[in-house]
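Participant: Can you read through this structure? Questions will come right after.
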Amino acid sequence: MIHMNHILHKLILLLLDHLGINAIFRWINRNKSLLLCYHGICSDNFDLLRNYDERQISESIFRKQLRFLTQKGYFFVTLTEFLKFRMQQNHPRKMVVLTFDDGFRNIVERAYPIMLDYGAKGIFSIVSDLIGTPQILWTDHIETVLRNEKSGYFDFNFRGKTISYPLHTTKSLHTAMWDIKRKLRTLTNEERISHLKQFNDMIQNIPVEFKLADWDQICSLDKNILEIGCHTATHANCTTLVKENHIKYELLYSKRKIENKIGYKVNHFCYPAGSFDDNVVSKIKEFGYKSATTCLCGFNTSNTDAFLLKRVTSHEDILLWKAQVSGSFYCISDILTLVKKRIRFCISVLFDKERNTDNEMVNVSPS
């Protein structure tokens, strides 16, 4: 059944592309703007994350994506340019901003040179306290520890209870990594930092693609091509920040630190893991940012809230990516969702009728 669904999924994406449906949607959405979401751009032979997640896109796929955008007439802009242009009545059509989260070294070493080849532009949102250090993101740290565990099990202490995760198979390893990260994201920032101490002495064999850039590399980037944004100080989920001094450290002092290093204003914020609420948005505005990017899917117009900018996540699957970039994917998804709801409604009505008929037959007295 899963295999059939996969084949059907691929067939639909193929038809969207080859029947010109994607092209129609690109024309329909030509006045909307596209923010593409990336994390890392890795070497083609890096397969550690295969069948797990796609936060690292191979450089050959990235090059194909930029070539496609160029051929289809997309207009590359930085986030600062996008905010300026979108308010103009005759703004450029098909504007696209490449957004890179976290601060991976491979963005400087792999993505940036490819961007120069295609005249692409974007924003690089970095985690200020990790840049120029041997540390990696706390999520990558956990994954690396679990991958290096040789015993076949990992004991995780969560809120005073020990949870033992089997790691014998790829599936069980992936389940353990996802579950531990999920549990940690439910904690306040203070609690998360405390829980992470149990992983401190376990890190070794860090994949090169997980390493972050240094300040010299960050400062070498042309801000008119790849400007710098803020992604907090430690990659904290913003909604888990409770104390005012923690909020200021992650959102304001990180901004100032980056500005002191790069020599120009940091005007844009990126919510780690897409985590925000009204209070976080209010603080972002208070601390002098001009915009913030989310993990909400979709396009942006002149009416989109600058602090709730939507993005389209990039994939290794080119057909899926093309469908999302055009907008056909979201339209088809909405239609399928409506169809499923209608089918469920019709089925429930039929069952209700059958149940009422059965009840009526039971209640009929013999003549």
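The values are calculated or read from the model by the stated rules, or taken from the named source; none is laboratory data. Just so it is clear, the model here is predicted, and its values are computed rather than measured. Using ideal geometry, Cβ is built from the backbone for each residue, glycine included, and neighbour counts are taken over all protein chains shown.
Participant: List every residue pair whose Cβ atoms sit under 7 Å apart, with the two residues 6 or more apart in sequence or on different chains, where the first one lies in the stretch 180-204 and is modelled with pLDDT of 95 or more and the second, anywhere, is surrounded by fewer than 16 Cβ atoms within 10 Å (Cβ to Cβ) and part of a helix (DSSP H, G or I).
Facilitator: none
Participant: Thr337: of a type in the set (Ser, Thr, Tyr) and part of a strand (DSSP E or B), yes or no?
Facilitator: On the way: of a type in the set (Ser, Thr, Tyr): yes; part of a strand (DSSP E or B): no.
Considered against the rule, which asks whether it is of a type in the set (Ser, Thr, Tyr) and part of a strand (DSSP E or B), Thr337 comes out as no.
Participant: Give me the residue from the stretch 90-109 that is within 16 Å of Leu226 (Cβ to Cβ) and surrounded by fewer than 19 Cβ atoms within 10 Å (Cβ to Cβ) and, out of that set, farthest from the chain's Cα centre (by Cα).
Facilitator: Per the stated criteria, the residue is Glu109.
Participant: Going by what's in this entry, would Ser282 be described as at pLDDT below 95 and assigned by TED's automatic domain parsing to the domain that holds Phe85? Full working, then the answer.
Facilitator: Values: at pLDDT below 95: no; assigned by TED's automatic domain parsing to the domain that holds Phe85: yes.
No.
Participant: Same structure, new question: Scan the stretch 40-58 and tell me whether some residue there is in a helix (DSSP H, G or I) and either touching a residue at least 24 places away in the same chain (Cβ under 8 Å) or assigned by TED's automatic domain parsing to the domain that holds Thr313 (or both). Don't jump to the end; show me each part of the working.
Facilitator: Step one: filter the stretch 40-58 for residues in a helix (DSSP H, G or I), giving none.
Within the stretch 40-58, not a single residue is in a helix (DSSP H, G or I) and either touching a residue at least 24 places away in the same chain (Cβ under 8 Å) or assigned by TED's automatic domain parsing to the domain that holds Thr313 (or both).
Participant: Further question: Run Met87 past the list (1) aliphatic (A, V, I, L, M); (2) over 22 Å from the mean Cα position of the chain (by Cα); (3) not in a loop (DSSP other than H, G, I, E, B) and report the number of the one that doesn't hold.
Facilitator: Going through the list (1) aliphatic (A, V, I, L, M); (2) over 22 Å from the mean Cα position of the chain (by Cα); (3) not in a loop (DSSP other than H, G, I, E, B), Met87 breaks only (3).
Participant: Now a separate question. I'd like the full set of residues that are in contact (Cβ under 8 Å) with a residue 60 or more places away in the chain, assigned to a helix (DSSP H, G or I) and touching a strand residue (DSSP E or B) at 6+ places or on another chain (Cβ under 9 Å), limited to the stretch 294-328.
Facilitator: Those that are in contact (Cβ under 8 Å) with a residue 60 or more places away in the chain, assigned to a helix (DSSP H, G or I) and touching a strand residue (DSSP E or B) at 6+ places or on another chain (Cβ under 9 Å): Trp321, Val325.
Participant: What's the number of the condition Leu338 fails, among (1) modelled with pLDDT under 95; (2) surrounded by fewer than 19 Cβ atoms within 10 Å (Cβ to Cβ); (3) in the same structural domain as Ser33 (by TED's automatic domain parsing)?
Facilitator: Result: Leu338 fails condition (3) only.
Participant: Okay, next question. Which is buried (at least 19 other Cβ atoms within 10 Å of the Cβ) and either without any contact (Cβ under 8 Å) to a residue 60 or more places away in the chain or out of contact with any helix residue (DSSP H, G or I) (no Cβ under 6 Å at 6 or more places or on another chain) (or both), of Tyr165, Tyr112? Explain how you work it out, then say what you get.
Facilitator: Values: Tyr165 fails: buried (at least 19 other Cβ atoms within 10 Å of the Cβ).
Within the list Tyr165, Tyr112, the selection yields Tyr112.
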